[in-house]
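The structure appears right after this line, and notes come after that.
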Number of protein chains: 2
Amino acid sequence: MKPTTQDVANKAGVSTATVSRTFAHPDKVLQETREKVMTAAQELGFTISRSASALKSQQSFRIAVLISEPVATWFNSHICGALNDVLQPEGYDICTYYIPDVTNRRQLFEEIPLRHNVDAVVVSSFGVDVMEIEDLRRLDIPLIGINVPVTQGFSATIGIDEYASMRLVVKHLHDLGHHRVCFVCSELKHAPLPYSADLRSDAFLRACHDVGESIEPLLIHVPREVDEPENYAISQLLTCSPRPTAVCCLSDGMAIPLLFKLMRSGIKVPQDMSLVGFDDSTYAKQFNLTTVHQEVDFLGAEAGRLVLDLIRGQQPEVQNRVLDTYLALRASTAPLS
Amino acid sequence: MKPTTQDVANKAGVSTATVSRTFAHPDKVLQETREKVMTAAQELGFTISRSASALKSQQSFRIAVLISEPVATWFNSHICGALNDVLQPEGYDICTYYIPDVTNRRQLFEEIPLRHNVDAVVVSSFGVDVMEIEDLRRLDIPLIGINVPVTQGFSATIGIDEYASMRLVVKHLHDLGHHRVCFVCSELKHAPLPYSADLRSDAFLRACHDVGESIEPLLIHVPREVDEPENYAISQLLTCSPRPTAVCCLSDGMAIPLLFKLMRSGIKVPQDMSLVGFDDSTYAKQFNLTTVHQEVDFLGAEAGRLVLDLIRGQQPEVQNRVLDTYLALRASTAPLS
DNA sequence: CTGAAAGCGCTTACAG
DNA sequence: CTGAAAGCGCTTACAG
């Protein structure tokens, strides 16, 4: 009942080879023949079987995306959406593998049946250690990193520059006359991975140092197990003496609730305290939050194009590409009064 | 170089049939044999080829998820994540197809190579018209609806009851003594589909009607093309005379920015105006927003289980399942003062 | 440009 | 419980 290349071939009066070519390499088929085949295919409601194509052509048409936080997260959902937008039209499925735990992660890497079942692996926004990279490289397929802290071992990477980004923030606050600047570093509950948070707080400290003596950096580190990180942070902030006049957050996900809680506690933003986020994610604009904008959809789309290039055996123009971020200047920061 | 069932069979001293069975139906293989096979497989780094399994067993191990808004949306990202969590361990990939336009949507339905390339189709949160349902039914695979306004034609559906949910909201505001209650209905820019928004505002009106004469419903309809819906809504609200004392929003995505803007414009929530959202999505809790809570992860997971049941030929216990929602009572609503 | 033919790596009904 | 064997539906190198 289900039509095959054979059925189409019969109907169009050609061989199955020609039917196959019509779909896979239309340019290798005479236009006239192509039209006969397409007509026959349409009438039969024929579509190429992915499994058969895959088996024969030794591709799986699947791309694994490794994530360490749930998909239902601002960053990951945008990355996965953008990857899908680029890869689906080219015939590739994206398959997300959520690997929350760092502890037995290497074991998980082995359990995921990646071997010969995916055409490329994308690592989204977490650090992969040397051993793990080796495991992945043994698959002998392209390995693409998005916002990975260490680029070594990857076929190609793309991401933002944490340090340059934090420097934008620190510079801005410095220009506004702030001296006591605090960084709120809240580790995501679901991302118990060593790098990203540390990386950004390090970047903050380095940026403060580089901007000059006049900045007195402060760090608030919200433990992972805390239920209401913004309340924890605010308590810490209010007990600082002297109180910082500007606060940077690891992400908008921290900054936005903090903004709300500060308003509630009578601390005016930006009059009493300047506040800066990171990501320019949901609501940042509506809440007038000054934040670091990262072009996450473009990041995902370009990563998708890297995947395609590498699968097709083309070396990408830039192996480790760095995307610019910019400071979205809004009303949550103001000169020190 | 790539190990096949044949290689494993040779190494383990069994037939390929036994290797295959060890992976597909371990219970049909003697434990001793199973162990031999697994050892050989491990040593060779063997994994079953999905394409070959798929081709031979006439399954595709792919589930299409049709969405009308981007994945990078609160609802869709949670649904896709939950579906993946349930279906991936069972060997199924979920493939999201984003169908934004209602205009040539039917054509798109035909272009998506679903035929024989997916084992089930999930429609997430949009209305599918009669013709489209027919197209999908012709695929002759399970058709599952999540929060679909019309359940007819689906193999099974699961979702919340819009009317019951809005009734919770209206009842609550009524109990608090509010009479002039406004519903802000902002159509999502990316979801130019007829149903969901209309459905909920209808539900609101019906709920108002049913709760009694004393409620005077008001509707603000934010046009799709408006750039800053919350500003549009607030302008409309402030020009109402007499001004409504309570506002319900189509979703938290509207309510949360509105809450912020109201605070900014000196209108105190809840003292001057009560505010209710819908979804209980990101930040709703942190912002003390009274809202309708829908258990979106559970919804997605249960939909995944429906998919599995139907693929396996089992009729689900309930064909059209309705999940309860509840009113998350928080500080954005208060008695009329 | 097109066709005949081999074969990708599994699965499963059948026989033992 | 296990094996021999057929075949799922394509693709592609080769020949014409």
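Scan region A:239-260 and give yes if some residue there is more than 19 Å from A:PHE126 (Cα to Cα), of a type in the set (D, E, K, R) and open to solvent by less than 70 Å² (accessible area, probe 1.4 Å), otherwise no. No.
One residue alone among B:VAL118, B:VAL150 is touching a residue at least 12 places away in the same chain (Cβ under 8 Å), closer than 19 Å to B:GLU69 by Cα and not assigned by TED's automatic domain parsing to the domain that holds B:GLY253, and that residue is B:VAL150.
Among the residues of region B:51-65, none qualifies, meaning not one is closer than 30 Å to A:ASP297 by Cα, more than 16 Å from DNA strand C (Cβ to nearest atom), at the interface with another protein chain (Cβ under 10 Å from one of its Cβ atoms) and of a type in the set (Ser, Thr, Tyr). Does region B:24-58 hold any residues that are open to solvent by 70 Å² or more (accessible area, probe 1.4 Å), under 28 Å from B:ARG312 (Cβ atoms) and away from DNA strand D (no atom under 11 Å from the Cβ), and which are they? Selection gives B:MET38 alone. Candidates are the residues of region B:1-23 that are of a type in the set (Lys, Arg) and within 7 Å of DNA strand C (Cβ to nearest atom); the one that is farthest from A:LEU139 (Cα to Cα) is B:ARG21.
The numbered conditions (1) at pLDDT below 95; (2) closer than 25 Å to A:LEU199 by Cβ; (3) among the charged types (D, E, K, R) are all true for A:ARG312 except (2).
Assess whether A:VAL307 counts as being among the aliphatic types (A, V, I, L, M), outside the structural domain of A:GLY177 (by TED's automatic domain parsing) and assigned to a helix (DSSP H, G or I).
Working: among the aliphatic types (A, V, I, L, M): yes; outside the structural domain of A:GLY177 (by TED's automatic domain parsing): yes; assigned to a helix (DSSP H, G or I): yes.
Spelling it out, A:VAL307 is indeed among the aliphatic types (A, V, I, L, M), outside the structural domain of A:GLY177 (by TED's automatic domain parsing) and assigned to a helix (DSSP H, G or I).
Can you tell me which residue in region A:24-46 is farthest from the other protein chains (Cβ to nearest Cβ), limited to those that are acidic (Asp, Glu) and either touching a Leu at 6+ places or on another chain (Cβ under 9 Å) or within 9 Å of DNA strand C (Cβ to nearest atom) (or both)?
First, the residues of region A:24-46 that are acidic (Asp, Glu): A:27, A:32, A:35, A:43.
Filter once more, keeping what is either touching a Leu at 6+ places or on another chain (Cβ under 9 Å) or within 9 Å of DNA strand C (Cβ to nearest atom) (or both): A:27, A:32.
Details: A:ASP27: 20, A:GLU32: 24 Å.
The extreme case among them is A:GLU32.
A search for C-beta distances below 8 Å between a residue of region B:87-113 that is assigned to a loop (DSSP other than H, G, I, E, B) and any residue that is at pLDDT below 70, counting only pairs 6+ apart in sequence or on different chains, returns B:PRO100/B:HIS190; B:PRO100/B:ALA191; B:PRO100/B:PRO192; B:ASP101/B:PRO192; B:VAL102/B:PRO192; B:VAL102/B:LEU193; B:VAL102/B:PRO194. For residues in region B:82-122 being at pLDDT 90 or above and in contact with a Pro (Cβ under 8 Å, 6 or more places away or on another chain), which is nearest to the other protein chains (Cβ to nearest Cβ)? Among residues in region B:82-122 that are at pLDDT 90 or above and in contact with a Pro (Cβ under 8 Å, 6 or more places away or on another chain), the one nearest to the other protein chains (Cβ to nearest Cβ) is B:TYR98.
Of the residues A:ALA331, A:ALA284, the single one that is in a loop (DSSP other than H, G, I, E, B), at pLDDT 95 or above, hydrophobic (A, V, I, L, M, F, W, C) and more than 26 Å from the chain's Cα centre (by Cα) is A:ALA331.
The values are calculated or read from the model by the stated rules, or taken from the named source; none is laboratory data. All figures in this text were calculated on a predicted structure; none of them were measured in a lab. Cβ sites come from the backbone with ideal geometry, for glycine too, and all protein chains shown count toward neighbours. To get the accessible areas, we keep the full protein, side chains included, count just its heavy atoms, and leave off ligands, DNA and RNA. Shrake-Rupley method; radii C 1.70, N 1.55, O 1.52, S 1.80 Å.
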